[in-house]
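The values are calculated or read from the model by the stated rules, or taken from the named source; none is laboratory data. Being a predicted model, the structure only gives us computed values, none of them experimental. A quick note on method: Cβ atoms are made from the backbone with ideal geometry, for glycine too, and the neighbour counts reach across all protein chains shown.
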Amino acid sequence: MKITPAQPSDLPKLLAFREEAAAWLRGLGSDQWSRPYPADRLLATIEAGTVFMLRDQAATAGTITLTTDAEDGLWTSGELEEPSMFINKLTVARTHAGQDVGGRLLDWAADRAYSTGAAWLRLDAWTTNHGLQKYYLRHGFRHVRTVTEGGAVNGGPRVSGWLGQRPAQPTQHGFTDETVVPCPPALPG
């Protein structure tokens, strides 16, 4: 399998992935991703170069978004001073479920974060999806805290506030990486 940057032409596939994942989650009793994701926001992240596609020959096996931008209101100012990369929208096609594709994408992200000079790979997970939280813990993440307020419209509860992190480090993910790793940031001085 190879990992490549997403292209604008991948937008319909990414939106379909999200719908497929939301339907699967509904079957498990979760409301995660129940609201459609705005196509224009997804296209902006593709054009920013932060969305990656995992391709298994002609099939798309998964996708992951990896960015240096943290979700507002989750991480402390001290944590934000630490060089980090943030995972969003990790999705595995149901055709590739049960093959540890998601775990290998997490390893790829830790490797890429390390290559850019980051110390941490971080994420926020759905607050009520305890199965997903356990999944991340099994894949080397440590629970930092759960943020429960200030995320929804009108100051309602935050739905994705379970914070986890793991060290950015070299890994053996087994993918052919066809992405370009950005240069690490210049050191001050």
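Inside the range 36-58, can you point out the residues that are in contact with a Ser or Thr (Cβ under 8 Å, 6 or more places away or on another chain) and surrounded by 12 or more Cβ atoms within 10 Å (Cβ to Cβ)? Working first, answer last.
Step one: of the range 36-58, the residues in contact with a Ser or Thr (Cβ under 8 Å, 6 or more places away or on another chain) are 45, 48, 50-55.
Passing the criteria: THR45, THR50, VAL51, PHE52, MET53, LEU54, ARG55.
Only one of these is within 19 Å of GLU178 (Cβ to Cβ), modelled with pLDDT under 95 and in contact with a Cys (Cβ under 9 Å, 6 or more places away or on another chain): THR116, THR65, THR60. Name it.
On the way: THR65 fails: in contact with a Cys (Cβ under 9 Å, 6 or more places away or on another chain); THR60 fails: in contact with a Cys (Cβ under 9 Å, 6 or more places away or on another chain).
Only one candidate qualifies: THR116.
Collect the residues in the range 1-34 that are at pLDDT 70 or above, loosely packed, with under 14 Cβ neighbours inside 10 Å and part of a loop (DSSP other than H, G, I, E, B), keeping them in residue-number order.
GLN7
Kindly check whether there is at least one residue in the range 137-147 that is surrounded by fewer than 19 Cβ atoms within 10 Å (Cβ to Cβ) and among the β-branched types (Val, Ile, Thr).
For the range 137-147, residues surrounded by fewer than 19 Cβ atoms within 10 Å (Cβ to Cβ) and among the β-branched types (Val, Ile, Thr): present.
Quick one: in the range 80-98, which of the residues that are free of Cβ contacts under 8 Å to residues at least 24 places away in the same chain and not aliphatic (A, V, I, L, M) is nearest to ARG112 (Cα to Cα)? Show your work before the answer.
Of the residues in the range 80-98, the ones free of Cβ contacts under 8 Å to residues at least 24 places away in the same chain are 80-81, 97-98.
Right, trim to not aliphatic (A, V, I, L, M) and you get 81, 98.
Working: GLU81: 19, GLY98: 24 Å.
For the range 80-98, the residue satisfying everything is GLU81.
In the range 58-67, is there at least one residue being of a type in the set (A, V, I, L, M, F, W, C), touching a His at 6+ places or on another chain (Cβ under 6 Å) and within 14 Å of LYS13 (Cα to Cα)?
Pass one, the range 58-67, residues of a type in the set (A, V, I, L, M, F, W, C): 58-59, 61, 64, 66.
Of the ones still in play, those that are also touching a His at 6+ places or on another chain (Cβ under 6 Å) are 61.
Now narrow it down to the ones that are within 14 Å of LYS13 (Cα to Cα): 61.
Yes: the range 58-67 contains one or more residues that are of a type in the set (A, V, I, L, M, F, W, C), touching a His at 6+ places or on another chain (Cβ under 6 Å) and within 14 Å of LYS13 (Cα to Cα).
Condition first: within 17 Å of the chain's Cα centre (by Cα), assigned to a strand (DSSP E or B) and either at positive phi or of a type in the set (D, E, K, R) (or both). Now tell me which residues in the range 41-61 satisfy that. So that I can check it myself, show each step before the final result.
Within the range 41-61, the subset within 17 Å of the chain's Cα centre (by Cα) is 41-55, 60-61.
From the residues that got through so far, the ones that are assigned to a strand (DSSP E or B) too are 51-55, 60-61.
Across the range 41-61, the qualifying residue is only ARG55.
Restricting to the range 66-105, count the residues that are more than 16 Å from the chain's Cα centre (by Cα), in a loop (DSSP other than H, G, I, E, B) and surrounded by fewer than 14 Cβ atoms within 10 Å (Cβ to Cβ).
Result for the range 66-105: 5.
Just to be sure, is ALA59 farther than 20 Å from VAL147 by Cβ, of a type in the set (A, V, I, L, M, F, W, C) and in contact (Cβ under 8 Å) with a residue 24 or more places away in the chain? Walk me through it before giving the result.
Numbers: farther than 20 Å from VAL147 by Cβ: yes; of a type in the set (A, V, I, L, M, F, W, C): yes; in contact (Cβ under 8 Å) with a residue 24 or more places away in the chain: yes.
Yes; evaluated as a whole, the condition is true for this residue.
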